[in-house]
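Just so it is clear, none of the values below were taken in a lab; they were calculated from the coordinates. The shown structure was predicted, so the numbers you read here are calculated from the model rather than taken from an experiment. For neighbour counting, all protein chains shown are included, and Cβ atoms are generated from backbone atoms with ideal geometry for every residue, glycine included.
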Amino acid sequence: MLRRPNPLARLGLALSAAVLGLAMASAAAVADPADPAAPAATETGEPTGTTVPAPPTESTESTAPTEPDAPVDAQPQAEDATTQSVQDIQATATFGKPSYNTGEKMTITLTVKNAGTTPVSLNAHFFSSQPDAIGVNFPSPFEEGTFTLAAGASVTHDLTGAMGNPDVGTAKLYAWFSDATSGTAQLFTFTVPIRQTFGHARGTVYVDENANGKYDTGEGRGGVELTWRNQLHEGATFTATSDSTGRFAIDKLPTSTYFVDGSGPDGLKVGYRQVVVDESGVDGLLFRAVGPLVGLTVDLEFAKDTYARDEAPVVRVTLTNSTDDPLIGIVANCDRGGFGTSLDGSGPGWGDLAGEGVTVAPHTALVLQVTEPMPADAYEYGFVTVGCDFSYKNVEDFDHNPHDSDRAAVPGQRGDLEGVLADDDTGIAGVRLVLVPEGGGCAVAEATTGADGRFAFHQVPVGDYDLYMFPPAGWHVEYDNPTSTSVVGRWTGQMYIELAPGAATPPTLPSCPAAPQAPAPQGRTAPVDGLPDTGASIAVPVLVGTLALLAGTGAVLGTRRRRPLEKD
């Protein structure tokens, strides 16, 4: 089994955590409130009727477009009108109820009519930044793209949303429609009364000292501060600190859905959870506090070195507990960068690692096999990756979460790579270039720069490469030689490489195995479209480097390595 140890970078994980926090905050204004039934505590300490959302990811969550300034020439009728007209556009809004409680889910039927004599193409948006604005869940049916109404025609859609601001007594639906042809804009506002309502929350914070997976009398822990963030209104945040017995209480909370997490002395953390508060309040909540996750090591290993493009990869996960106590509720957090080549650690194939977590017995290695469908971009890049950190469920503690990664090939796709070698933007001719798989082996393709310093590799296997350069006498490569690059099937990679006057020792090509090899694509001396044609692939070094930094894991995107692969 080829192993490519490449631990997740701490910096990138911190960046991911920041992105996670931002996504949670921005999503709060438009999220659906959950069922308002008050949750009751269960034996395991998790309240019934509450759900814990997966951390949001950057690659999969839709976001609303930036709100434009409200048009100054829009002149709707009175705000409480059911039907309003601006120029030739007529809008009618019908609320599902005559009034709503703070945080209660709204249903709104909105009809837009073209009262003019010519067709009109419209784009819609619903303002949400105003303090009294109803947060309409995005994307709404009106916001899926430009829609055209013939003269006299209308369209009707149902919207959902909520008013999370606890200080608002009258909520407004701000509906903005712009004419895609003329550029004119119309703003409509519809109001509904809000009954400002409150509930309470009471419960206990505990540490599972006897490691039996539940709360027992005497396990309450004081000094833990819980933070309650209103999912519907980011300005409404509340805190409560547990007393010496672990009990806490907030007697007046605006009715809404909250994200709750916490921290305390000795590095204690409470994993985030979603709690619904209605007018009857929530009693008997139990929040488990955990210390830093120490004594756990992890190993991730693909079952095979190579997979077909439509084959489901299988990963062997080994969790080793070196402590005297069981580690309860351990989950996998994978592909924090959101890349299309990586397994994301979700779905039934991951079992409890993607659910409530697994228990690792003291001084025991727990071995699990997990699987999920092949990621969408794995074939285009020529590899599939897995990169995960492990934690107590929903506890973000990147300084202590153990992590590992691995990579397997997904061969078959080919791509293109182009570039130029120049000194101060003046192309240098006659530079020999050799494309070698990263880690060594036989050359895949060769090329020579033309009079303008340009080169091209066409249709070489996708993957990671070292590009060896052999300038003519009197020139040397200014920076790394060889330099790393990547060939991707979806784009033509572009490179710019600096040369400088002066001699330098040329690089040494790695040895090529004596076994027969498939013939490498060969170049032609005559340039095609200004580029010497050789047969090769694509490289995206700038893109790859930037994405890897944002992910915080060189392993998640490509598990790039600068040394030959090693066997276990």
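Enter the Cα centre distance for the pair region 380-458 and region 84-99, rounded to the nearest angstrom.
After rounding, the separation between the Cα centres reads 55 Å.
Quick one: which of 144-150, 236-242 comes out on top by average Cβ neighbours within 10 Å, and what's the full order, highest first?
In decreasing order of mean packing, 144-150, 236-242 become 236-242, 144-150.
How far apart, in nm, are the 7 Å Cα→Cβ label points at Glu356 and Arg195?
3.7
How high is the FRET efficiency from Ser244 to Asp325, r the C-beta distance, R0 25 Å, rounded to 0.05?
With R0 = 25 Å, the Cβ-Cβ based efficiency is 0.55.
What FRET efficiency comes out for the pair Ser129/Cys512, r = Cβ-Cβ distance, R0 = 51 Å, nearest 0.05?
0.25
Ordered by residue, what ³J(HN,Hα) values in Hz, to whole numbers, does region 491-496 give under the Karplus form 6.51 cos²θ - 1.76 cosθ + 1.60, where θ = phi - 60° and Gly and Pro are x?
Taking θ as phi minus 60°, the curve returns 10, 8, x, 10, 10, 10 Hz for region 491-496.
For Asp216 and Thr505 in the same chain, what is the full-extension length gain: residue separation times 0.36 nm, less their Cα-Cα distance, in nm?
96.9 nm is the gain from fully extending Asp216 to Thr505.
Starting from the exponent 0.38 and prefactor 2.2 Å, build the expected Rg for region 83-195 from its residue count and divide its actual Cα Rg by it.
Working it through for region 83-195, the quotient is 1.06.
Looking at this model, which pairs from Lys97/Lys214; Lys113/Lys172; Lys97/Lys393; Lys172/Lys393; Lys172/Lys269; Lys97/Lys269 are more than 31 angstrom apart at the alpha-carbon?
Pairs exceeding the cut-off: Lys97/Lys214; Lys97/Lys393; Lys172/Lys393; Lys172/Lys269; Lys97/Lys269.
Pull out the extension gain between Ala365 and Val155, defined as 0.36 nm times the separation in residues minus the alpha carbon to alpha carbon distance; nm, one decimal.
69.6 nm
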